[in-house]
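Read through the structure below, which is laid out as structure tokens, and then see the notes.
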Amino acid sequence: MAKVTSKLQVTVPKAIAQQYGIRPGDDIEWVPAGEMIHVVSSARRRTAFDVATRLRLFDAATERQRLRQASRKRRAATTPDRAWRREDLYGRGRAR
């Protein structure tokens, strides 16, 4: 856990800096997210995909989702005879 100094400075733990490629001199952006704060380093931004790559990845994900939905078994349009109707439930317990 890092502590905030009297000058409002924070030290990034070495393991985190190595994992995310943060180096001395890198810019870090503090992004409010509700009751949390997201820390985004300039190193992470540099590895972002370009628009063409993001569109290709989105199209691939959309196709995977379409195939998943197509492989699911569809429910029958009619429900089995269960000796009660939906309308019967709304009148239960009420004086008529």
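What to note about this one:
- Sparsely packed chymotrypsin sites (Phe, Trp or Tyr not before Pro) within region 1-68, loop by DSSP, other Cβ within 10 Å at most 16: PHE49
- Between LEU67 and TRP84, full extension at 0.36 nm per residue minus the direct alpha carbon distance yields a gain of 2.5 nm.
- Between HIS38 and ARG54, the simple spin-label model (points 7 angstrom out along Cα→Cβ) gives 1.2 nm.
- For region 10-72, the Kirkwood hydrodynamic radius from C-alpha pairs, put into Stokes-Einstein at 4 °C and a viscosity of 1.567 mPa s, yields a diffusion coefficient of 88 µm² per second.
Only the coordinates and a few stated rules stand behind these numbers; no lab work does. It should be emphasised that the depicted structure is a prediction, and the values quoted were computed from it without experimental measurement. In this analysis, Cβ positions are derived from the backbone assuming ideal geometry, glycine residues included, and neighbour counts consider all displayed protein chains.
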